[in-house]
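The structure appears right after this line, and notes come after that.
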Amino acid sequence: MKGEELGWFRLASHLKMSVGRCQEETTSSQFVMWMEYLNQDVNAFHRENYYWAQIAWIIARVFGGDKNSKVENYILEFKNDGKKKKLTAEQEIKKSKSFWQSLVGLKRKK
């Protein structure tokens, strides 16, 4: 699957609707903004992440971990390693075309 197709599945899952319905109800510009939001939301503060970090911290302390460690040390962070996949000229053109179409509000063809 291509990245854009996976993006539709990711957005549909987030909005709890089918991919078809999501594609019908979402404009190209909204899709681009949603992808940016979902990419930034990966490391946003979520209460449940802190809860799971506390559990890991307690387990580590019980089984001989560092007694001076902090719960914050057990919160996972997802980082972009900075390595971008090299795109072909055709993929670059398609990406650019999609970007400009979303800016002017053109809808995606079915």
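The values are calculated or read from the model by the stated rules, or taken from the named source; none is laboratory data. All figures in this text were calculated on a predicted structure; none of them were measured in a lab. A quick note on method: Cβ atoms are made from the backbone with ideal geometry, for glycine too, and the neighbour counts reach across all protein chains shown.
Please find, within the range 64-110, the residue that is surrounded by the fewest Cβ atoms within 10 Å (Cβ to Cβ) out of those that are within 20 Å of Gln40 (Cα to Cα), among the acidic types (Asp, Glu) and modelled with pLDDT of 75 or more.
It comes out as Glu77.
Give me the residue from the range 51-78 that is farther than 30 Å from Asn39 by Cα and of a type in the set (Lys, Arg) and, out of that set, farthest from the chain's Cα centre (by Cα).
Per the stated criteria, the residue is Lys67.
Yes or no: Arg10 within 24 Å of Gln91 (Cα to Cα), in a helix (DSSP H, G or I) and among the basic types (Lys, Arg)? Write out each step before concluding.
Details: within 24 Å of Gln91 (Cα to Cα): yes; in a helix (DSSP H, G or I): yes; among the basic types (Lys, Arg): yes.
Considered against the rule, which asks whether it is within 24 Å of Gln91 (Cα to Cα), in a helix (DSSP H, G or I) and among the basic types (Lys, Arg), Arg10 comes out as yes.
Say we look at the range 7-53 and pick out the residues that are within 26 Å of Ile75 (Cβ to Cβ) and of a type in the set (A, V, I, L, M); which of these is surrounded by the most Cβ atoms within 10 Å (Cβ to Cβ)?
By that ranking, first place goes to Leu11.
Under 6 Å between Cβ atoms, at least 6 apart or on separate chains: pull out the pairs that start in the range 3-16 with a residue that is farther than 11 Å from Met35 by Cα and of a type in the set (Asp, Glu) and end on any residue that is at pLDDT below 85 and not in a helix (DSSP H, G or I).
none
Tally the residues that are part of a helix (DSSP H, G or I) and out of contact with any Lys or Arg (no Cβ under 7 Å at 6 or more places or on another chain), restricting the search to the range 28-50.
Within the range 28-50, the subset part of a helix (DSSP H, G or I) is 28-41, 47-50.
Of the ones still in play, those that are also out of contact with any Lys or Arg (no Cβ under 7 Å at 6 or more places or on another chain) are 29-37, 39-41, 47-50.
Residues meeting the conditions: 16.
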